[in-house]
Amino acid sequence: MRTRVTAWTPAAPTVADADPFERANIAARVLDGRRTVVLTGAGVSTPSGIPDYRSPDATPRSPMTIEQFLSSPEFRRHYWARNHLGWRHMDSATPNAAHRAIADLQRSGAATGVITQNVDMLHLKAGSRPVLDLHGSYGRVICLSCGHTQSRHLLAQALEAANPGFADRARGRGAIEVAPDADAMLDDTSDFRIVDCTACGGILKPDIVYFGESVPRPVVDRAFAMVDDADALLVAGSSLSVMSGLRFVRHAARAGKPVVIVNRGRTRGDDVATVKIDHRCEWVLPMLVDLSQPSARRVSDIFV
């Protein structure tokens with residue numbers, strides 16, 4: 001089963017909820033006293049400067065598929081040249097208010113864990129534990145032949161040694177547009193040299209789920225277990241356009257567990273949501289943290 005599509009266009013624009021505090025109040029009452037697992041998507045990371053594929057104002061993109069990556073050294077050179085520039089942007093990104101709010105929910109015991117579709121490691125940087133990287137992590141590289149893994153930082157050193165001055169030359173041509181999944185927009189990559197696995201000479205690939213790949217079964221099983229262990233599901237910043245995230249929403253709904261969705265724009269899970277808040281995560285999630293406090297819940301009775 002394929003879990004990620006090969007081309008993306010922005011979602012249709014919607015009008016944000018006029019009173020996000022009122023909607024957050026309702027959501028807080030639904031989640032009150034329930035152990036909640038959080039499922040996150042790109043919408044929690046866009047305020048940190050990481051672009052996404054599906055928000056209404058996103059740039060239409062056609063990311064590289066796993067078939068292209070495996071088909072020829074030319075495609076792999078093109079990918080690694082762009083990634084060699086783009087991963088630095090992702091590596092330097094810092095958590096925003098949405099990430100910090102989710103970490104606060106975990107520390108208070110209101111949230112039991114995070115399942116994220118993002119590869120940016122920002123939940124970990126914010127202090128969230130545990131975090132399940134559904135689509136992998138930009139910070140690791142894996143060999144497709146022997147399975148050896150290494151840090152993306154170590155690979156950066158090897159790529160820099162093989163391509164001295166490449167990043168400086170690319171920046172000298174003008175501003176570099178960064179795309180999702182630690183990629184960058186760059187046309188001329190003909191002079192870039194890729195490196196292979198130091199253990200076996202095999203093909204290296206970021207340890208992320210490419211478009212056209214399936215999420216590994218053990219990861220899916222663990223995510224289902226996290227949903228089963230919780231009393232409610234909070235979705236933040238995901239349009240749920242692909243089954244890799246939507247299946248957990250449907251699973252929770254079938255089990256009779258409340259589903260709260262916070263996302264700018266429509267999602268494929270809106271029809272089963274107990275509460276849907278159409279607004280920005282970095283605004284709404286801190287509200288949920290404040291409203292989860294006992295004193296705030298007493299005040300919220302006035303407004304609901």
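Scanning region 267-291 for residues that are touching a helix residue (DSSP H, G or I) at 6+ places or on another chain (Cβ under 7 Å) and open to solvent by less than 30 Å² (accessible area, probe 1.4 Å) yields G269, V275, I277, H279, C281, V284, L285, L288, V289, L291.
Only residues in region 89-116 that are over 27 Å from V215 (Cβ atoms) count as the first member; pair them with residues that are hydrophobic (A, V, I, L, M, F, W, C) and open to solvent by 10 Å² or more (accessible area, probe 1.4 Å), Cβ under 8 angstrom, at least 6 apart or cross-chain, and list the lot. Cβ pairs passing all conditions: A97/W283; D104/V289; S108/V289.
Here region 139-166 is the region considered, the condition is being closer than 22 Å to R222 by Cα and among the small types (G, A, S), and the residue that is least open to solvent (accessible area, probe 1.4 Å) is G139. Scanning region 188-218 for residues that are aliphatic (A, V, I, L, M) and crowded, with 18+ Cβ neighbours inside 10 Å yields I194, L204, I208, V209, V215.
So for region 94-101 (the condition being over 13 Å from V44 (Cβ atoms) and touching an Asp or Glu at 6+ places or on another chain (Cβ under 9 Å)), does at least one residue qualify? Checked against the condition, which is being over 13 Å from V44 (Cβ atoms) and touching an Asp or Glu at 6+ places or on another chain (Cβ under 9 Å), region 94-101 yields no hits at all. Would you pick out the residues in region 119-138 that are open to solvent by 20 Å² or more (accessible area, probe 1.4 Å) and assigned to a strand (DSSP E or B)? Selection gives V131, D133. The condition of being modelled with pLDDT under 90 and hydrophobic (A, V, I, L, M, F, W, C) holds for only one of A11, A16, that being A11. Do the conditions hold for R88, that is, is it open to solvent by 60 Å² or more (accessible area, probe 1.4 Å) and at pLDDT 95 or above? Taking the combined requirement at face value, the residue does not satisfy it. Has region 95-118 got at least one residue that is among the hydroxyl-bearing types (S, T, Y), surrounded by fewer than 17 Cβ atoms within 10 Å (Cβ to Cβ) and part of a helix (DSSP H, G or I)? Yes, that holds for at least one residue. Given the condition within 22 Å of the chain's Cα centre (by Cα) and either surrounded by fewer than 22 Cβ atoms within 10 Å (Cβ to Cβ) or in a helix (DSSP H, G or I) (or both), answer yes or no: does some residue in region 71-78 qualify? No, region 71-78 contains no residue that is within 22 Å of the chain's Cα centre (by Cα) and either surrounded by fewer than 22 Cβ atoms within 10 Å (Cβ to Cβ) or in a helix (DSSP H, G or I) (or both). Looking across region 252-266 at every residue that is out of contact with any strand residue (DSSP E or B) (no Cβ under 6 Å at 6 or more places or on another chain) and touching a residue at least 24 places away in the same chain (Cβ under 8 Å), the one that is most open to solvent (accessible area, probe 1.4 Å) is identified as R266. Annotation: R82 fulfils all but one of (1) part of a helix (DSSP H, G or I); (2) under 25 Å from Q293 (Cβ atoms); the unmet one is (2). Out of curiosity, is V44 touching a strand residue (DSSP E or B) at 6+ places or on another chain (Cβ under 6 Å) and at pLDDT 95 or above? So V44 fits the description; yes.
The values are calculated or read from the model by the stated rules, or taken from the named source; none is laboratory data. What you see is a predicted model; the values in this text were computed from it and never measured. In this analysis, Cβ positions are derived from the backbone assuming ideal geometry, glycine residues included, and neighbour counts consider all displayed protein chains. Side chains are part of the model used for accessible areas, which takes the heavy atoms of the whole protein and leaves out ligands, DNA and RNA. Shrake-Rupley method; radii C 1.70, N 1.55, O 1.52, S 1.80 Å.
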